[in-house]
Protein chains: 2
Amino acid sequence: MERRKFLKGAGLAGVLASGTAPAIVMAQENVRWRLASSFPKVLDTIYGTGEGFARNVAEATDGKFQISVHAPGELVPAFGVADAVEQGTIECAHTAPYYFFGKDETFAIDCAIPFGMNSRMQTAWMYDGNGMTLMREFYAQYNIVNFTMGNTGAQMGGWYRREINTVADLNGLKFRVGGFGGRVLAKLGVVPQNIPGGETYQALERGTIDAVEWVGPYDDLKFGFHKVAPNYYYPAPWEGGAQLSLYINDKAWNALSPQYQSIVRQAASDAHVRMQATYDSRNPNALRQLIAEGAKLHRFSREIMDAVFKARNEVYAELNEKNPAWKKIYADYERFLRDQYQWFSLSENSYNQYMAAQNL
Amino acid sequence: MERRKFLKGAGLAGVLASGTAPAIVMAQENVRWRLASSFPKVLDTIYGTGEGFARNVAEATDGKFQISVHAPGELVPAFGVADAVEQGTIECAHTAPYYFFGKDETFAIDCAIPFGMNSRMQTAWMYDGNGMTLMREFYAQYNIVNFTMGNTGAQMGGWYRREINTVADLNGLKFRVGGFGGRVLAKLGVVPQNIPGGETYQALERGTIDAVEWVGPYDDLKFGFHKVAPNYYYPAPWEGGAQLSLYINDKAWNALSPQYQSIVRQAASDAHVRMQATYDSRNPNALRQLIAEGAKLHRFSREIMDAVFKARNEVYAELNEKNPAWKKIYADYERFLRDQYQWFSLSENSYNQYMAAQNL
């Protein structure tokens, strides 16, 4: 009994460490990583995706590869995770790359840019298009190895104290909007606020901001935005699908065996598909509850949609001039996006439109 | 050198088999499975999904868990895979569950039923709704443990020698249609043919059938249907998204350690997301090539869509009367579907429609 306990406690690495088979020892080594999430613990969807990833890795390695998951502030602030991964003070992070558009706008292409690809298209670009290759090249300068890990789907356009009917209504609006979308909205007079999720409700309640967008009904209900700003708009021109990433410090990644690298890749894929599924599955009930509690649904006017589209085109043209990394990756993204919307406009969209029009 | 070779050859199980630590040995055991695919090797999308899954499992176990992948006829016929898994003559299979609607129509709910959920919705039902629990209960009588492994997205409506404009044009049409869709189309006079993918082109060329649907541009181009029947219709009312499954014999599943079970689950998730991404990514170019080679695109008329929708409702009402397993699972599916289309009709569909209307 004592002997078995000892063997269990030592782990297989310990058992074999006395010099028998190096290759096998490597494949079985104990690894401990820390993952910093940019999202608050209250969100089982998006914070839970980091936890699910860590659980996957632990299960697949029989507990030998342990990743502890940390909320913003425990190790680093919500928006400090990219720097921490770059510097190697943490091994990995789960975040929305567009938070870091201030370093370089190119980060946003790995997440969501206004009137960009939807969830499935972005996944297709990353898994079978050139997306992963191009982003890996870009991230190398930040010592980051990235994996796609989650998507929210097309987001709601946010919560507003008063109705937003015209472009003029956007002028001077202090609006919490995730990442890069604010750059485009600033062209229309919006005063964008890039505030971490966990701090948004307080800012809205205190009147520091006039409006807030987060994700969609399930998360938004948890935050309770509808109690302060009941006008709920759709769709979000700035987020047709926000893709999240797992950032891994390149030295930590390179120290893993090929076996563990494959386990991490697959664990991230499972977390990726599970996050979108969770949002899709849970949003309908949450939306019903929001409406029952006073949320007022509005569709953004054509005028506003068109104005954001025009501003988007201007910003992208400017970036193509100024930012070579953006120009290179956006060219591939744009070609892929164009192909995707043409293809989706056949079977996928006509099927969905037909279904949405039925009395189901 | 000799000693290292011996250790490598024996595997870790052999090294530790002399009685030290049973728990560790179990986690490291060598496993060999055979996977029978229902799909022909020429389709790197759908046959490739089985291969990718097997590669994932091998990588995550450092080669200790090997799954060989077999085309139809190598071990069992394309439509014999469910029986073979049930009987345990093979450990697992990759297939489209609706092929087996003749055993029980309930199989089809795990794949595609006419005017059913789209790809993302079906994934949401399986990963976060009640879908997986309900299907596992159903499959238990067939000794099957299922995993979701791939989706095609909304399919094209198929290839027809002559134009199909009215419901009358469907009467007497000998149409190869995958699985359960044929049951609904039979109400409109179609003579459905449930033919494995690998045999469809020959049947069309020989004139045994008048029309064929398979999946979409990328696969269809490989088969070359457009050379025989150039009229290409969309969307497929019978397949808003065909979900594939990994079937595992329950004894084989129960013999795995929790570690290996988790590895299989995650490997299937990665294959699941990758298959949809591959179709989405590759369909646009294939569609262009098909059109360049003479394919003629048509949208199914409203008359035909509505007639299929009506026939679908009749068939489902009949099944609710006759088949208790269908009734139980379909009730949950229908409720989920209704919620999903209501929710998607806000942000997701309005965003996609706006994008499709732009000059991108």
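The set of residues in region A:160-190 that are within 18 Å of A:Y98 (Cβ to Cβ) and either surrounded by fewer than 20 Cβ atoms within 10 Å (Cβ to Cβ) or touching a residue at least 60 places away in the same chain (Cβ under 8 Å) (or both) comprises A:V177, A:G178, A:G179, A:F180, A:G181, A:R183, A:V184, A:L185, A:A186, A:K187. Of the residues A:A112, A:A93, A:A84, the single one that is assigned to a helix (DSSP H, G or I) and of a type in the set (A, V, I, L, M, F, W, C) is A:A84. The single condition from (1) more than 14 Å from chain A (Cβ to nearest Cβ); (2) open to solvent by 10 Å² or more (accessible area, probe 1.4 Å) that B:R120 fails is (1). Checked against (1) among the hydrophobic types (A, V, I, L, M, F, W, C); (2) open to solvent by 10 Å² or more (accessible area, probe 1.4 Å); (3) assigned by TED's automatic domain parsing to the domain that holds B:G102, B:V228 meets all criteria but (3).
Can you tell me which residue in region A:55-73 is surrounded by the most Cβ atoms within 10 Å (Cβ to Cβ), limited to those that are touching a residue at least 24 places away in the same chain (Cβ under 8 Å) and in contact with a Ser or Thr (Cβ under 9 Å, 6 or more places away or on another chain)?
Only one residue tops the list, namely A:A60.
Would a scan of region A:232-254 turn up a residue that is in contact (Cβ under 8 Å) with a residue 60 or more places away in the chain, surrounded by fewer than 23 Cβ atoms within 10 Å (Cβ to Cβ), in contact with a strand residue (DSSP E or B) (Cβ under 8 Å, 6 or more places away or on another chain) and closer than 25 Å to B:Q259 by Cα? Within region A:232-254, one or more residues are in contact (Cβ under 8 Å) with a residue 60 or more places away in the chain, surrounded by fewer than 23 Cβ atoms within 10 Å (Cβ to Cβ), in contact with a strand residue (DSSP E or B) (Cβ under 8 Å, 6 or more places away or on another chain) and closer than 25 Å to B:Q259 by Cα. Annotation: A:F101 fulfils all but one of (1) in contact with a Gly (Cβ under 9 Å, 6 or more places away or on another chain); (2) open to solvent by less than 30 Å² (accessible area, probe 1.4 Å); (3) of a type in the set (F, W, Y); the unmet one is (2).
Being open to solvent by 30 Å² or more (accessible area, probe 1.4 Å) and either in contact with a Leu (Cβ under 8 Å, 6 or more places away or on another chain) or free of Cβ contacts under 8 Å to residues at least 60 places away in the same chain (or both) is a property that does not hold for A:G150. In a residue-by-residue description of region A:201-217, the property of being within 18 Å of A:R282 (Cα to Cα), among the β-branched types (V, I, T) and assigned by TED's automatic domain parsing to the domain that holds A:K310 applies to at least one position. Residues in region A:32-40: is at least one within 28 Å of B:G129 (Cα to Cα), outside the structural domain of A:Y201 (by TED's automatic domain parsing) and out of contact with any Ser or Thr (no Cβ under 9 Å at 6 or more places or on another chain)? Within region A:32-40, one or more residues are within 28 Å of B:G129 (Cα to Cα), outside the structural domain of A:Y201 (by TED's automatic domain parsing) and out of contact with any Ser or Thr (no Cβ under 9 Å at 6 or more places or on another chain). Screening A:L319 against (1) more than 9 Å from chain B (Cβ to nearest Cβ); (2) within 30 Å of B:D332 (Cα to Cα) leaves a single unmet condition, (2). Figure legend. Inter-residue proximity from region B:331-360: first residues touching a residue at least 60 places away in the same chain (Cβ under 8 Å) and more than 7 Å from every other protein chain (Cβ to nearest Cβ), second residues in a helix (DSSP H, G or I) and of a type in the set (V, I, T), beta-carbon distance below 6 Å, spacing 6+ or different chains. Indicated pairs: B:Y333/B:I109.
Among the residues of region A:12-54 satisfying the criterion of being over 15 Å from A:S257 (Cβ atoms) and modelled with pLDDT under 50, which is most open to solvent (accessible area, probe 1.4 Å)? It comes out as A:S18.
Checking every residue in region A:294-307 against the condition of being modelled with pLDDT of 95 or more, under 26 Å from B:R299 (Cβ atoms) and assigned to a helix (DSSP H, G or I) gives at least one match. Looking only at residues in region A:255-282 that are over 30 Å from B:M132 (Cβ atoms) and aliphatic (A, V, I, L, M), the one that is surrounded by the most Cβ atoms within 10 Å (Cβ to Cβ) is A:L256.
Scan B:K328, B:K310 and give me the residue that is charged (D, E, K, R), surrounded by fewer than 19 Cβ atoms within 10 Å (Cβ to Cβ) and more than 13 Å from chain A (Cβ to nearest Cβ). Reasoning before the result, please.
On the way: B:K310 fails: more than 13 Å from chain A (Cβ to nearest Cβ).
Among B:K328, B:K310, only B:K328 is charged (D, E, K, R), surrounded by fewer than 19 Cβ atoms within 10 Å (Cβ to Cβ) and more than 13 Å from chain A (Cβ to nearest Cβ).
If we only count helices (runs of 4 or more DSSP H) wholly inside region A:188-290, which ones have 2 or more residues that are aliphatic (A, V, I, L, M)? Lay out the reasoning, then the answer.
Working: elements: A:200-206, A:217-223, A:250-254.
Because the criterion is at least 2 residues that are aliphatic (A, V, I, L, M), the helices (runs of 4 or more DSSP H) in region A:188-290 that meet it are A:200-206.
Every condition in (1) within 12 Å of chain B (Cβ to nearest Cβ); (2) closer than 24 Å to A:A96 by Cβ; (3) open to solvent by 20 Å² or more (accessible area, probe 1.4 Å); (4) polar (S, T, N, Q) is met by A:N285 except one, and the failing one is (2).
Can you confirm whether region B:261-281 contains a residue that is in contact with a Pro (Cβ under 7 Å, 6 or more places away or on another chain) and either among the hydrophobic types (A, V, I, L, M, F, W, C) or in contact (Cβ under 8 Å) with a residue 24 or more places away in the chain (or both)? No.
The values are calculated or read from the model by the stated rules, or taken from the named source; none is laboratory data. Note that the structure is a prediction, hence the values are computed from the model and not measured. Cβ coordinates were reconstructed from backbone atoms using ideal geometry, including for glycine residues, and neighbour counts include every protein chain displayed. Quick note on the areas: whole protein, heavy atoms, side chains included, nothing else; ligands and nucleic acids left out. Shrake-Rupley method; radii C 1.70, N 1.55, O 1.52, S 1.80 Å.
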